[in-house]
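Q: Structure provided below as structure tokens; questions to follow.
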Amino acid sequence: MHPFHWVPAEGQRHASLDFRPGGGYPTGMTVSTLCKQQLSADNSQLAWLWETCRDCNKEAHRIARSSAQHHAQGPQFAIAAWPTARGV
Ligand SMILES: [Zn+2]
């Protein structure tokens, strides 16, 4: 369980540390994203097919890694299957 949640907004999937109501961020709710923007959430079906925001993805990985250190044993994060920035 990570402290952030994914939220589609403005054409990309962002991540946020804001409190998320049950069922997800409702459409139109303003959330502060990990890429330091205030965006209006879009909870529609199609919105989840949008591309992941690069800055949020990077920040989410950083948070996931630091929270993984607290739980030591190589957990099978869904996030681990995502493309990571390698060889930069
Ligand atoms: Zn973002």
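The values are calculated or read from the model by the stated rules, or taken from the named source; none is laboratory data. Just so we're clear, the structure is a prediction, and the values are computed from it rather than from any experiment. Glycine also receives a Cβ, built like all others from the backbone with ideal geometry; neighbour counts cover every protein chain displayed.
Q: Looking only at segment 2-33, count every residue that is of a type in the set (Asp, Glu) and closer than 27 Å to Gln69 by Cα and tell me the total.
A: 1
Q: So, one more: Please go through segment 33-80 and pick out each residue that is modelled with pLDDT under 80 and over 14 Å from the mean Cα position of the chain (by Cα).
A: Answer for segment 33-80, where residues must be modelled with pLDDT under 80 and over 14 Å from the mean Cα position of the chain (by Cα): Ala68, Gln69, His70, His71, Ala72, Gln73, Gly74, Pro75, Gln76.
Q: Taking His2 as the residue in question, decide whether it is more than 14 Å from the ligand (Cβ to nearest atom) and not β-branched (Val, Ile, Thr).
A: yes
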